[in-house]
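Let me begin by presenting the structure, written as structure tokens, before commenting on it.
Each value in this text was obtained by applying a stated rule to the coordinates, not by laboratory testing. From a predicted model like this one, the values you see are computed outputs, not experimental measurements. Virtual Cβ from ideal backbone geometry, glycine too; neighbours counted across all protein chains shown.
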Amino acid sequence: MSETPDPKVVELAGRIFDLARTGAAEALAGYLDAGVPVDLTNDRGDTLVMLAAYHGHLDAVRVLLERSADPDRVNDRGQTPLAGAVFKGETEIVRALVAAGADPDAGSPSARAAADMFGRAELLALFG
């Protein structure tokens, strides 16, 4: 028997996902420092770092990585934050994720495969 989630908790989680999606790094840091799980996922399995990376918010990505967000956590479609950043052409976010240990071969398609598919040699070079 599953419980119905508290609407206030659902509303708060929605606001936190919006902070990642819009790049409100300072506000996001406040919630994380107050105890919100850094690898919180939405109903599609997207983590906060996935949303921040995909939407091009370097400062929010850094805030999350500094608090040990998993750079390789895949969403329900098998995508990683690194692959999302490659898809969007976010070079600095790719650099930050790689520096945090993101695996360019994780997920499907992997970041390496996405970079190859989209002809992003400059991003492929970052994977070593």
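Output the direction-averaged projected area (hull surface divided by four) of the convex hull of the alpha-carbon atoms of the chain, in nm². Provide the component values of the computation, followed by the final result.
Details: hull surface 31.4 nm².
Averaged projected area of the chain's Cα convex hull equals 7.9 nm².
Can you tell me the relative contact order of the stretch 7-127? Whole percent, Cα pairs under 8 Å, sequence separation 6 or more.
20 percent
Mind checking the dipole of the chain: about its Cα centre, +1 per Lys or Arg Cβ, -1 per Asp or Glu Cβ, Debye to the nearest 20?
Values: 12 positive and 20 negative charges, 54 e Å.
Roughly 260 debye, rounded to the nearest 20.
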